[in-house]
Amino acid sequence: MGAQKIIIDTDPGQDDAVAILLALASPVEIEVLGITAVAGNVPLSLTEKNARIVCELAGRPDIPVYAGCDRPLKRKLVTAEHVHGKTGLDGPELPEPKIKLQEKHGVDFIIDTILQEPKNTISLCPLGPLTNIASAILKQPKIVSRIKKIVLMGGAYFEVGNITPAAEFNIFVDPDAAKIVFEAGIDMVVMPLDVTHKALVTEKRNEAFRQLKSPVGIAVAEMTDFFERFDKEKYGSSAAPLHDPCVTAYLIDPKIFSGKNINVEIETKSELTLGMTVADWWGVTDRKANTFFVGDLDSDKFFSLLTERLGRLPI
Ligand code: RIB
Ligand code: CA
């Protein structure tokens with residue numbers, strides 16, 4: 001099987017950065033056609049810049065980066081500087097990007113690529129709020145039947161919320177967009193907090209990144225050192241969850257992960273539980289399954305894959 005053609009939709013964010021690096025380190029399994037930035041962890045002006053910084057860190061200035069939507073479909077933007085720092089990539093000192101942002105809007109890049117490429121050959125990998133994906137579906141509904149699959153990070157069930165007691169950040173920021181995407185009928189794989197909270201960067205695992213002694217390995221270790229302090233304070237955990245790299249690792253080796261085909265609906269009305277992913281894990285409704293909802297992973301396999309692949313990026 002040739003490399004899977006994907007578009008990464010992202011709000012970097014340290015964990016987004018690691019997910020992008022993993023994808024770019026794996027050209028046999030993954031061909032990144034482009035990266036579309038969305039407002040999320042930090043405003044769009046920073047997420048698009050961070051995406052360009054990460055492509056250069058990976059030694060891939062050829063990857064086109066597009067700016068997408070700068071706010072949710074209907075609601076006010078909520079950002080997460082308290083987790084990711086004011087730049088969104090706090091931790092390492094990384095140079096200003098030289099590569100230019102593409103002129104085209106990210107939503108139009110998604111639409112044009114899916115219409116131009118053969119049907120069922122393009123997968124979308126959203127790592128942030130689903131505003132760009134939903135906007136593309138609203139603008140050009142014809143893309144729905146042509147998308148191969150969506151593999152996204154978002155939501156939670158047993159782990160409940162990380163931005164409110166009920167909701168995970170990516171879904172909470174734009175619940176209306178999430179509802180459109182989850183109801184579109186597209187083949188979906190969802191990496192919720194239930195699995196990403198088991199992808200914990202322990203001291204030993206972070207040291208393995210540092211021991212790569214490459215600019216990428218050191219930068220990833222420094223990003224994690226910064227990023228983990230939020231989860232340590234909040235959950236008292238000894239390590240940071242690497243959320244977004246679960247998406248790109250799944251594309252490389254899906255056997256690392258396990259889950260169930262279930263129905264997931266998005267709460268968009270209640271102010272109390274806004275953005276909650278109501279996951280019918282136990283099949284107590286007759287609602288049709290619409291996602292493969294991942295609940296677990298082999299974390300040792302995950303981290304050895306991630307470390308080995310990051311080690312392939314330029315010295
Ligand atoms: O809740 C975790 C998700 O929100 C991750 O994608 C992180 O980067 C933030 O976007
Ligand atoms: Ca993200």
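The values are calculated or read from the model by the stated rules, or taken from the named source; none is laboratory data. Source: prediction; values computed, not measured. Virtual Cβ from ideal backbone geometry, glycine too; neighbours counted across all protein chains shown.
State which residue is farthest from ligand 2 (Cβ to nearest atom) when the search covers only region 164-213 and only residues that are assigned to a loop (DSSP other than H, G, I, E, B) and of a type in the set (K, R). Step by step, filter region 164-213, then rank; the result is K213.
When the residues of region 87-127 are filtered to those that are closer than 27 Å to G2 by Cβ and small (G, A, S), which remaining residue is surrounded by the fewest Cβ atoms within 10 Å (Cβ to Cβ)?
Among them, the one singled out is S123.
Among the candidates S123, S135, which residue alone is more than 16 Å from ligand 2 (Cβ to nearest atom) and within 15 Å of the chain's Cα centre (by Cα)? None of the other options fit; the residue is S123.
Report yes if some residue within region 43-50 is away from ligand 1 (no atom under 13 Å from the Cβ) and either in contact (Cβ under 8 Å) with a residue 40 or more places away in the chain or of a type in the set (K, R) (or both); otherwise report no. For region 43-50, residues away from ligand 1 (no atom under 13 Å from the Cβ) and either in contact (Cβ under 8 Å) with a residue 40 or more places away in the chain or of a type in the set (K, R) (or both): present.
Within region 74-86, at least one residue is modelled with pLDDT under 95 and more than 16 Å from ligand 2 (Cβ to nearest atom). Exactly one residue out of G68, G85, G91 is within 15 Å of ligand 1 (Cβ to nearest atom), more than 12 Å from D11 (Cβ to Cβ) and touching a Ser or Thr at 6+ places or on another chain (Cβ under 9 Å): that is G91. Of all the residues in region 25-43, those that are in contact with a strand residue (DSSP E or B) (Cβ under 6 Å, 6 or more places away or on another chain) and either assigned to a helix (DSSP H, G or I) or among the small types (G, A, S) (or both) number 2. All told, A279 meets the bar of being in contact with a Phe, Trp or Tyr (Cβ under 9 Å, 6 or more places away or on another chain), small (G, A, S) and surrounded by 14 or more Cβ atoms within 10 Å (Cβ to Cβ). If you go through region 259-315 and pick out every residue that is over 21 Å from M223 (Cβ atoms) and among the hydrophobic types (A, V, I, L, M, F, W, C), you end up with 15.
Looking across region 282-315 at every residue that is in contact (Cβ under 8 Å) with a residue 24 or more places away in the chain and small (G, A, S), the one that is surrounded by the most Cβ atoms within 10 Å (Cβ to Cβ) is identified as G295.
State whether one or more residues within region 31-39 are within 15 Å of ligand 1 (Cβ to nearest atom), modelled with pLDDT under 95 and not aliphatic (A, V, I, L, M). Scanning region 31-39 turns up no residue that is within 15 Å of ligand 1 (Cβ to nearest atom), modelled with pLDDT under 95 and not aliphatic (A, V, I, L, M).
Evaluating P254 against the criteria (1) under 20 Å from I163 (Cα atoms); (2) away from ligand 1 (no atom under 16 Å from the Cβ) leaves one unmet condition, (1). Looking across region 219-276, the residues that are in contact (Cβ under 8 Å) with a residue 12 or more places away in the chain, surrounded by fewer than 17 Cβ atoms within 10 Å (Cβ to Cβ), not in a helix (DSSP H, G or I) and not polar (S, T, N, Q) come down to D253, K260, L272. Return yes when I8 is closer than 18 Å to D108 by Cα, within 11 Å of ligand 2 (Cβ to nearest atom) and among the aliphatic types (A, V, I, L, M) and no when it is not. Yes. Take E183 and tell me if it is among the acidic types (D, E) and within 15 Å of ligand 1 (Cβ to nearest atom). No; evaluated as a whole, the condition is false for this residue.
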